[in-house]
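Trainee: Let me begin by handing over the structure; questions about it come next.
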Amino acid sequence: VHEENKAAANGCSKIRSGAQNGAALLALMEKTGYSMVQQNGQRKFGGPPPGWEGPPPPRGCEVFVGKIPRDMYEDELVPVFERAGKIYELRLMMEFSGKFIGVCVSLDNCRLFIGAIPKDKKKEEILNEMKKVTEGVVDVIVYPNATDKTKNRGFAFVEYESHRAAAMARRRLIPGTFQPWGHTIQVDWADPEKVVDEETMQRVKVLYVRNLMISTTEDKIKAEFNKFKPGVVERVKKLRDYAFVHFFHREDAVAAMSVMNGKCIDGASIEVTLAKPVNKESSWKQHFNGQISPSSENLLGFPNKEDGTQKSLGKPASLSVRLNGQHSPGPPEAERSTYPIFPGIKLTPISMYSLKLSHFSSAVMHLDYFCHKNSWAPPEYCLYSTTSQDGKILLVYKVLISSIADDSQSYFMPEKLCTTVEDAKELAAQFTLLHL
């Protein structure tokens, strides 16, 4: 009955019995020579195909196809997809929506985000713990706390040898089923790293320096990077425990990266890489790794050079804030659309915390989501005001972030005043996200 109703809803679907499905799939396998196996909630066709020699296709050769009609199977799908080229493997999932299909490049993601990790755990401890319960672990990326280098920031990224290994690990690490060190951790896909073409990277002459001490000054960083060759550094912009070092010439930037990576400055072992250029038209993706975005750099009053090469952090501001009477440009807002609610349409209650970051257009909502994801208390906003010389009331918010796990507290307040409450709150949220 369910299938008949669904067929009627689709208007053009047909109903086949189990025997008919089996016969159609068997005929497909006999015709193509491909094998077919079912495992882990999906049915795999091929992988590799008959006569295949050499390694599997590299990353980037897979597409994801969504919203496939529920009564459509491989015998109908394979001929459609073969129009584009030879199929190496087709994996058919067990959940379908019955609408028009959608096709996009498949993100062959091999990295998971692990949140709510005890801050006293070292990289080796986290790596060993992940290897105990998941397979295919290649590396663990852990960032030291900005104020206490003996602690981590409460999260890590786990790199796996393949997307399949990462997917299986994500299923294994579902909160509640695994509690390392007696803690309930948060698990999600890490946002894919921004890919910049090689030609663009060949022009970069800015270095991204991580793991600096809070007390280290821009002058100290400039002096250290000038040691190997005096006068090569144009300027330095430091933000909390990381900085961007701009060079006059690319060859000096590359040489300095090789010399300075792993060096100690004020007792901290620094990490140095080429900064990835910012695409001002792209969205601001959050990796929670202490890197800054171009739009927030503008909002915080930092220079915006044509050759700016900051690494992006989170989402763009939904407001174009006017600071000190100057308009602060940012990336255009994401396209927003409205859709009609048809009679009888089913609406399902949902928590905002079950959504993806792409659903949030403001830093205020993004910060709330971030705190929940890391098992922290919701951010608290304290409003302050002052009066300008012309009698105008200017506003700024101080943000309090409290960690439920260890009762620690941190305060964040931008060094800019705003004329409206909404702008002040948005700026404070952006500032806080940049410094967590």
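The values are calculated or read from the model by the stated rules, or taken from the named source; none is laboratory data. Remember, it's a predicted structure, so these values are computed and weren't measured experimentally. Virtual Cβ from ideal backbone geometry, glycine too; neighbours counted across all protein chains shown. Accessible surface areas use protein heavy atoms only, side chains included; no ligands, DNA or RNA. Shrake-Rupley method; radii C 1.70, N 1.55, O 1.52, S 1.80 Å.
Trainee: Looking at Arg91, Arg59, Arg83, which one is closer than 30 Å to Val195 by Cα and free of Cβ contacts under 8 Å to residues at least 24 places away in the same chain? Reasoning before the result, please.
Mentor: On the way: Arg91 fails: free of Cβ contacts under 8 Å to residues at least 24 places away in the same chain; Arg59 fails: free of Cβ contacts under 8 Å to residues at least 24 places away in the same chain.
The match here is Arg83.
Trainee: What's the number of the only condition in (1) among the hydrophobic types (A, V, I, L, M, F, W, C); (2) open to solvent by 40 Å² or more (accessible area, probe 1.4 Å); (3) touching a strand residue (DSSP E or B) at 6+ places or on another chain (Cβ under 7 Å) that Val78 fails to meet?
Mentor: Status for Val78: all satisfied but (2).
Trainee: Suppose we filter region 59-71 for residues that are more than 18 Å from Ala167 (Cβ to Cβ) and either assigned by the TED database to the domain that holds His163 or in contact with a Phe, Trp or Tyr (Cβ under 8 Å, 6 or more places away or on another chain) (or both); how many remain? Talk me through it step by step, then tell me what you get.
Mentor: Going through region 59-71, the residues more than 18 Å from Ala167 (Cβ to Cβ) turn out to be 67-71.
Next, from what is left, pick out any that are either assigned by the TED database to the domain that holds His163 or in contact with a Phe, Trp or Tyr (Cβ under 8 Å, 6 or more places away or on another chain) (or both): 67-70.
Number satisfying all stated conditions: 4.
Trainee: Tally time: how many residues in region 120-167 are surrounded by 16 or more Cβ atoms within 10 Å (Cβ to Cβ), in a helix (DSSP H, G or I) and without any contact (Cβ under 8 Å) to a residue 24 or more places away in the chain?
Mentor: 3
Trainee: Also, quick follow-up: Being among the hydrophobic types (A, V, I, L, M, F, W, C) and more than 22 Å from Leu434 (Cα to Cα) is the filter; apply it to region 236-249 and report the residue that is most open to solvent (accessible area, probe 1.4 Å). Before you say what the answer is, go through the steps one by one.
Mentor: Of region 236-249, the ones among the hydrophobic types (A, V, I, L, M, F, W, C) are 236, 239, 243-245, 247-248.
In the following step, the residues that additionally are more than 22 Å from Leu434 (Cα to Cα) were identified as 247-248.
Values: Phe247: 1, Phe248: 101 Å².
Going through the qualifying residues, I end up with Phe248.
Per-residue answers, yes or no, for (1) open to solvent by 40 Å² or more (accessible area, probe 1.4 Å); (2) in contact (Cβ under 8 Å) with a residue 40 or more places away in the chain:
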| position | (1), (2) |
| --- | --- |
| Met201 | no, yes |
| Lys205 | yes, yes |
| Ser215 | yes, yes |
| Asp219 | yes, no |
| Lys229 | yes, no |
| Glu234 | yes, no |
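Trainee: So, one more: All but one of (1) charged (D, E, K, R); (2) open to solvent by 30 Å² or more (accessible area, probe 1.4 Å); (3) modelled with pLDDT of 90 or more hold for Asp252; which doesn't?
Mentor: (2)
Trainee: When you scan region 217-258, how many residues do you find that are of a type in the set (D, E, K, R), farther than 12 Å from Val206 by Cα and outside any helix (DSSP H, G or I)? Lay out the reasoning, then the answer.
Mentor: At the first step, the residues of region 217-258 found to be of a type in the set (D, E, K, R) are 218-220, 222, 224, 227, 229, 234-235, 237-238, 240-241, 250-252.
Right, trim to farther than 12 Å from Val206 by Cα and you get 218-220, 222, 224, 227, 229, 238, 240-241.
Okay, now just the ones that are also outside any helix (DSSP H, G or I), so 227, 229, 238, 240-241.
Matching residues across region 217-258 total 5.
Trainee: For region 371-389, check the following and say yes or no: at least one residue is under 22 Å from Arg153 (Cα atoms), in a helix (DSSP H, G or I) and touching a helix residue (DSSP H, G or I) at 6+ places or on another chain (Cβ under 7 Å).
Mentor: For region 371-389, residues under 22 Å from Arg153 (Cα atoms), in a helix (DSSP H, G or I) and touching a helix residue (DSSP H, G or I) at 6+ places or on another chain (Cβ under 7 Å): present.
Trainee: Residues in region 195-216: is at least one outside the structural domain of Glu426 (by the TED database), closer than 24 Å to Asn145 by Cα, charged (D, E, K, R) and modelled with pLDDT of 90 or more?
Mentor: The answer is yes; a qualifying residue exists.
Trainee: Any residue that is acidic (Asp, Glu), at pLDDT below 85 and more than 30 Å from Pro180 (Cα to Cα) - is there at least one of those in region 39-59? Walk me through how you get there before you give the answer.
Mentor: First, the residues of region 39-59 that are acidic (Asp, Glu): 53.
Now restrict to residues that are at pLDDT below 85: none.
Within region 39-59, none of the residues are acidic (Asp, Glu), at pLDDT below 85 and more than 30 Å from Pro180 (Cα to Cα).
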